[in-house]
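The values are calculated or read from the model by the stated rules, or taken from the named source; none is laboratory data. Keep in mind the model is a prediction, meaning the values are calculated, not measured. Cβ atoms come from the backbone with ideal geometry, glycine included; neighbour counts cover every protein chain shown.
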Amino acid sequence: MSDNKELPFWSFPLLLGMIYLIGGILWFIVSFDAPIPFPAGPDPIGSLVLVVVSVVFLAGVGPLRRKDRQGFAYIAVGMFLAGVLFALQLFIIATNFLGWILGFEDWLVWTLLSDVTPTVWLFLLALFIFGIARAIEGDGERGFTKHLLGDT
């Protein structure tokens, strides 16, 4: 048995995939008026998109466990999709804020919390987890660069 007590790198996309999957499933269940306290309004399509992002992250676990560098592509695509969803939601927040500032009738009761969906806080959580994984891995002999470039 190995004395290595470090967390394997494939646990990073596994954790992100599970978080996005749970968030997407809960958001989907809330869409059907389930009595679950959830910090977002119902959006069945948005919740299914979160499930798709989770599948992308989870698809990278297998290749990374086999030490196949192609597994990093799944992490990159998952982070890209999560980032695009985050940017899109920020754009929605900005346009709704503009309508509220200009005093349009439909936006008088708008609040920021009404537009903060799981796409926002899950992406921020994903960035935090990515930062932790990056800090744990480092760039030295056993680090992130070695995973990407292989044994050079």
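Values as computed for the structure displayed
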{"quantity": "Condition met for Thr111 (closer than 19 Å to Leu21 by Cα, more than 10 Å from the chain's Cα centre (by Cα) and modelled with pLDDT under 90)", "calculated": "no"}
{"quantity": "Residue that is farthest from Thr119 (Cα to Cα), among those in the stretch 60-76 that are among the hydrophobic types (A, V, I, L, M, F, W, C) and surrounded by fewer than 17 Cβ atoms within 10 Å (Cβ to Cβ)", "calculated": "Ala73"}
{"quantity": "Lone unmet requirement of (1) over 23 Å from Tyr20 (Cα atoms); (2) buried (at least 17 other Cβ atoms within 10 Å of the Cβ) for Met79", "calculated": "(1)"}
{"quantity": "Any hit, the stretch 22-33, residues being of a type outside the set (Ser, Thr, Tyr) and surrounded by fewer than 12 Cβ atoms within 10 Å (Cβ to Cβ)", "calculated": "yes"}
{"quantity": "Total residues in the stretch 96-123, condition surrounded by 12 or more Cβ atoms within 10 Å (Cβ to Cβ) and assigned to a helix (DSSP H, G or I)", "calculated": "12"}
{"quantity": "Residues located in the stretch 125-143, provided they are surrounded by 12 or more Cβ atoms within 10 Å (Cβ to Cβ) and either modelled with pLDDT of 85 or more or in contact with a Phe, Trp or Tyr (Cβ under 8 Å, 6 or more places away or on another chain) (or both)", "calculated": "Leu125, Ala126, Leu127, Ile129, Phe130, Ala133, Arg134, Glu137, Gly138"}
